[in-house]
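Chemist: Take this structure, written in structure tokens, and hold onto it; I'll ask about it next.
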Ligand SMILES: C[S@@+](CC[C@H](N)C(=O)[O-])C[C@H]1O[C@@H](n2cnc3c(N)ncnc32)[C@H](O)[C@@H]1O
């Protein structure tokens with residue numbers, strides 16, 4: 001079954017949250033395409049794409065593929081198999097290619113290799129669902145929210161990963177942009193564990 005294939009891939013999306021992504025993508029991709037910031041190996045992209053497929057929609061997933069702060073050497077989530085010695089850096093493109101080829105029936109993921117800040121300057125298309133799962137520093141999370149949220153259609157969704165109310169459980173930047181969204185024309189639509197789905201009321 002496709003869901004089990006996606007669940008078996010290397011990545012940072014547990015199955016229960018992935019199934020929520022699939023469900024929300026099936027609802028909000030009716031309004032337009034899906035954009036993800038933070039591809040890594042494409043695990044969450046595939047959950048989103050399996051939902052978007054129902055509406056014949058595309059998932060554009062953006063990542064520079066250098067990894068986030070926590071993926072670098074000596075950091076908590078460093079993975080040697082993602083380190084390219086010839087480049088002297090983390091490179092998650094090969095992992096993405098491998099993962100996508102393992103779930104061939106999901107063929108509506110379009111990877112964009114680049115910095116989300118730069119891509120946002122040229123992005124013209126309206127977005128049905130935006131998923132923010134990039135770098136979790138305060139500045140990066142704020143940039144992702146400020147650069148991209150205005151491109152979501154009215155009635156579309158903003159989904160944010162890694163929401164921890166308690167600072168002892170996790171970083172606060174995603175939680176802070178969640179709070180900012182609630183003050184900026186979004187209302188909570190649904191939540192699954194650490195992922196929230198907000199609906200845009202104005203646009
Ligand atoms: C937590 S991982 C994404 C996990 C992925 N969604 C999954 O389900 O496995 C965060 C990713 O964001 C990427 N990233 C960080 N800052 C970025 C930026 N400014 N532009 C594009 N990608 C960025 C990193 O390279 C990293 O792969």
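Chemist: Which parts of region 7-38 would a label at residue 153 reach, counting a residue when its backbone N lies under 13 Å from a point 7 Å out along Cα-to-Cβ?
Modeler: Counting only backbone N, you get 27-35.
Chemist: Going by Cα centres, region 132-187 and region 26-88 are how many Å apart?
Modeler: Taking the Cα centre of each part, region 132-187 and region 26-88 sit 17 Å apart.
Chemist: Could you line up 175, 83, 40 from fewest to most neighbouring Cβ atoms inside 10 Å?
Modeler: Working: 175 20, 83 17, 40 26.
Taking fewest neighbouring Cβ atoms as first place, the list is 83, 175, 40.
Chemist: For the pair residue 77 and residue 180, how long in nm is the line joining their label points, each one 7 Å along Cα→Cβ?
Modeler: In this crude spin-label approximation the distance works out to 2.0 nm.
Chemist: May I ask you to derive the FRET efficiency for residue 115 and residue 4 from their Cβ-Cβ distance with R0 = 41 Å, giving the value to the nearest 0.05?
Modeler: On the way: r = 33 Å, r/R0 = 0.81.
So, using R0 = 41 Å, E works out to roughly 0.75.
Chemist: Turning to a different aspect of this structure: Counting only DSSP beta bridges with both residues in region 1-157, tell me the antiparallel percent, nearest 5.
Modeler: Antiparallel bridges make up about 10 percent of those DSSP assigns within region 1-157.
Chemist: Roughly what % of DSSP beta bridges within region 75-197 run antiparallel, to the nearest 5?
Modeler: Roughly 60 percent of the beta bridges in region 75-197 run antiparallel, per DSSP.
Chemist: Could you put 93, 59, 159 in order, starting from the residue whose Cβ has the fewest other Cβ atoms within 10 Å? If you can, show how the numbers build up before the last one.
Modeler: On the way: 93 15, 59 29, 159 25.
With the fewest neighbours first, 93, 59, 159 line up as 93, 159, 59.
Chemist: So what is the calculated 222 nm ellipticity per residue for the chain, using -39500 (n - 2.57) for each DSSP H run with n of 4 or more, over all residues, to the nearest 500 deg cm²/dmol?
Modeler: -9500 deg cm²/dmol
Chemist: Relative contact order for region 1-108 using alpha-carbon pairs under 8 Å, separation at least 6, rounded to a whole percent?
Modeler: About 28 percent, as a whole number.
Chemist: Using the number of other C-beta atoms within 10 angstrom as an exposure proxy, rank 125, 13, 1 with the fewest first.
Modeler: 1, 125, 13
Chemist: Which shape class, rounded, prolate or oblate, goes with region 50-203 when its Cα gyration tensor gives a ≥ b ≥ c as root eigenvalues, a/c under 1.5 marks rounded, and past that a/b bigger than b/c marks prolate?
Modeler: Taking the square roots of the gyration eigenvalues as a ≥ b ≥ c, region 50-203 is oblate.
Chemist: I need to check one value: relative contact order of the chain, counting alpha carbon pairs closer than 8 Å and at least 6 residues apart, in percent.
Modeler: Rounded, it is 21 percent for the chain.
Chemist: Also, quick follow-up: How high is the relative contact order of region 94-203, in percent, with contacts defined as C-alpha pairs under 8 Å that are six or more residues apart?
Modeler: Relative contact order for region 94-203 comes out at 23 percent.
Readers should treat all values here as calculations from the given coordinates under stated rules, not as data from a laboratory. Quick caveat: nothing in here was measured; it's all calculated off a predicted structure. Backbone-built Cβ (ideal geometry, glycine too); neighbour counts: all protein chains shown.
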